[in-house]
């Protein structure tokens with residue numbers, strides 16, 4: 001794969017990541033058009049590192065709140081006790097993100113390779129694209145009537161079952177063709193959450209998900225990657241995510 005192809009994939013990643021469509025599915029589709037029969041998983045995950053940079057920049061206030069809360073946690077535990085210490089907004093958000101990430105760990109480790117193998121069949125990829133559309137339609141028409149809507153409380157105001165349900169929905173996004181952000185935002189809307197709050201929590205969830213996937217793929221890498229040597233070090237696919245961050249008002 002040459003630098004021009006890398007840049008094309010980088011632009012595609014930057015354009016699709018912040019929409020409720022599967023960026024990894026579109027990357028796989030483009031790779032197949034170039035005659036690459038196997039998914040370039042490490043390359044695709046590396047491109048998602050650009051998404052990570054954009055998310056951290058855009059949600060820098062929430063990230064700072066979480067870091068401050070974790071930094072003050074030992075002192076608060078000694079002075080206030082567990083209950084009051086975890087009431088800190090930053091600490092609560094960290095716990096919610098951890099809870100939302102837990103379902104992803106066993107499913108990703110046990111079924112990740114099978115899900116990637118399914119992406120080799122373009123007809124299967126097409127079915128997953130359609131499944132993503134069904135999920136988006138459900139978010140428009142389906143609500144859990146026994147759960148009260150909670151508007152404009154922000155991701156800090158989520159409850160534990162909100163985080164767990166959205167975390168379960170994130171597992172569906174492991175299939176290429178199904179949008180991770182689309183499935184998690186849809187899950188939040190089905191719970192009756194505000195659109196902005198559901199989107200914010202979804203993108204904050206991407207931080208541990210991307211980091212975990214990147215570490216896992218680097219650990220699996222044998223004998224280097226298909227990237228040119230300078231690209232492996234500098235990750236040029238980062239720049240479209242910087243553009244996306246600017247585009248969305250970062």
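The values are calculated or read from the model by the stated rules, or taken from the named source; none is laboratory data. No experiment lies behind these values; they were computed from the predicted model shown. Neighbour counts run over all protein chains shown; Cβ positions are idealised from the backbone, glycine included.
Which helices (runs of 4 or more DSSP H) sit wholly inside the stretch 186-250 and have at least 3 residues that are in contact with a helix residue (DSSP H, G or I) (Cβ under 8 Å, 6 or more places away or on another chain) and at pLDDT 85 or above?
195-220
Answer yes or no as to whether residue 181 is surrounded by 18 or more Cβ atoms within 10 Å (Cβ to Cβ), modelled with pLDDT of 75 or more, in a helix (DSSP H, G or I) and out of contact with any strand residue (DSSP E or B) (no Cβ under 9 Å at 6 or more places or on another chain).
Against the criterion (surrounded by 18 or more Cβ atoms within 10 Å (Cβ to Cβ), modelled with pLDDT of 75 or more, in a helix (DSSP H, G or I) and out of contact with any strand residue (DSSP E or B) (no Cβ under 9 Å at 6 or more places or on another chain)), residue 181 qualifies.
Can residue 110 be described as surrounded by 11 or more Cβ atoms within 10 Å (Cβ to Cβ) and either within 30 Å of residue 24 (Cβ to Cβ) or modelled with pLDDT under 85 (or both)?
no
Out of the residues in the stretch 26-40 meeting the condition of being surrounded by fewer than 22 Cβ atoms within 10 Å (Cβ to Cβ) and under 12 Å from residue 116 (Cβ atoms), tell me which one is modelled with the highest pLDDT.
The qualifying residue modelled with the highest pLDDT is 40.
Which condition number does residue 78 fail, the rest of (1) surrounded by fewer than 13 Cβ atoms within 10 Å (Cβ to Cβ); (2) in contact with a helix residue (DSSP H, G or I) (Cβ under 6 Å, 6 or more places away or on another chain) being met?
Every condition holds for residue 78 apart from (2).
Determine whether residue 116 is surrounded by 14 or more Cβ atoms within 10 Å (Cβ to Cβ) and modelled with pLDDT under 80. Spell out how you get there, then give the answer.
Values: surrounded by 14 or more Cβ atoms within 10 Å (Cβ to Cβ): yes; modelled with pLDDT under 80: yes.
The answer is yes for residue 116.
Since residue 57 meets every condition but one in (1) crowded, with 17+ Cβ neighbours inside 10 Å; (2) farther than 25 Å from residue 29 by Cα, which condition does it not meet?
(1)
Exactly one of (1) within 20 Å of residue 201 (Cβ to Cβ); (2) more than 15 Å from the chain's Cα centre (by Cα); (3) surrounded by fewer than 20 Cβ atoms within 10 Å (Cβ to Cβ) is unmet by residue 66. Its number?
Result: residue 66 passes all but (3).
Scan the stretch 146-156 and give yes if some residue there is in contact with a helix residue (DSSP H, G or I) (Cβ under 6 Å, 6 or more places away or on another chain), modelled with pLDDT under 80, surrounded by 12 or more Cβ atoms within 10 Å (Cβ to Cβ) and in a helix (DSSP H, G or I), otherwise no. Spell out the reasoning first.
Just the residues of the stretch 146-156 that are in contact with a helix residue (DSSP H, G or I) (Cβ under 6 Å, 6 or more places away or on another chain), to begin with: 154-156.
Adding the requirement that they be modelled with pLDDT under 80 leaves 154-156.
If we keep only those that are surrounded by 12 or more Cβ atoms within 10 Å (Cβ to Cβ) as well, we get 154-156.
Next, from what is left, pick out any that are in a helix (DSSP H, G or I): 155-156.
Checked the stretch 146-156: at least one residue is in contact with a helix residue (DSSP H, G or I) (Cβ under 6 Å, 6 or more places away or on another chain), modelled with pLDDT under 80, surrounded by 12 or more Cβ atoms within 10 Å (Cβ to Cβ) and in a helix (DSSP H, G or I).
Just to check your reading of the model, which residue among 50, 90 is under 16 Å from the mean Cα position of the chain (by Cα) and within 26 Å of residue 201 (Cβ to Cβ)? Even if it seems obvious, please write down each step before you answer.
Working: 90 fails: under 16 Å from the mean Cα position of the chain (by Cα).
Every option except 50 fails the conditions.
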